[in-house]
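Let me begin by presenting the structure, written as structure tokens, before commenting on it.
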Amino acid sequence: MALGAVVAIAGCKWDDEKDASSKFFTVMPAVKYNWKNTRYFSMYSKIAAGLTIKTENGRDNHDNSQVAFNFQITGFGVEFGKTLRVFAEAGLGEQGIILGGLRYIF
């Protein structure tokens, strides 16, 4: 079992009559349970829940901020490697349905 956090920063900008942009900042405490854990391989599930702050800014310099509940449920994840690990996850929520990448273990 491991405790951690999911932190995400995202943004988008579009050109229209308002020349608007949005920024998103998410923090979610997370719990990860390893079903199988060896030196070079692990299988796990993860659950996280927290808040996302969305800030919109239009051409009129009028800022609009909203706070919303957010979550991530990962039903199945795998990791391969020793210190630098490759991972893939299948779940639902803030991180999407399918997630993959690299993880470094200190």
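The values are calculated or read from the model by the stated rules, or taken from the named source; none is laboratory data. Everything numeric here is computed off the predicted structure, so don't read it as measured data. Please note: Cβ atoms are built from the backbone with ideal geometry, for glycine as well, and neighbour counts cover all protein chains shown. With ligands, DNA and RNA removed, areas are computed over all heavy atoms of the protein, side chains included. Shrake-Rupley method; radii C 1.70, N 1.55, O 1.52, S 1.80 Å.
Results, tabulated for the structure shown:
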{"quantity": "Selection count where residues are closer than 19 Å to Glu94 by Cα and among the hydroxyl-bearing types (Ser, Thr, Tyr), scope the stretch 1-32", "calculated": "2"}
{"quantity": "Cβ-Cβ under 6 Å pairs, at least 6 apart or on other chains, the stretch 75-87 side open to solvent by 50 Å² or more (accessible area, probe 1.4 Å), far side of a type in the set (Phe, Trp, Tyr)", "calculated": "Phe80/Phe41; Lys82/Tyr40; Leu84/Tyr104; Val86/Phe80"}
{"quantity": "So Ile9, is it modelled with pLDDT of 95 or more, under 15 Å from the mean Cα position of the chain (by Cα) and among the hydrophobic types (A, V, I, L, M, F, W, C)", "calculated": "no"}
{"quantity": "Residue tally, condition in contact (Cβ under 8 Å) with a residue 24 or more places away in the chain and either outside any strand (DSSP E or B) or touching a His at 6+ places or on another chain (Cβ under 9 Å) (or both), over the stretch 1-16", "calculated": "1"}
{"quantity": "Whichever residue in the stretch 35-52 is in a strand (DSSP E or B) and open to solvent by 40 Å² or more (accessible area, probe 1.4 Å) and, among such residues, is nearest to Gly81 (Cα to Cα)", "calculated": "Phe41"}
{"quantity": "Output for the stretch 61-74, where each listed residue is assigned to a strand (DSSP E or B), more than 16 Å from Lys46 (Cβ to Cβ) and open to solvent by 70 Å² or more (accessible area, probe 1.4 Å)", "calculated": "Asp63, Ser65, Gln66, Val67, Phe69"}
{"quantity": "Selection status of Ser22, of a type in the set (Ser, Thr, Tyr), in contact with a Gly (Cβ under 9 Å, 6 or more places away or on another chain) and in a strand (DSSP E or B)", "calculated": "yes"}
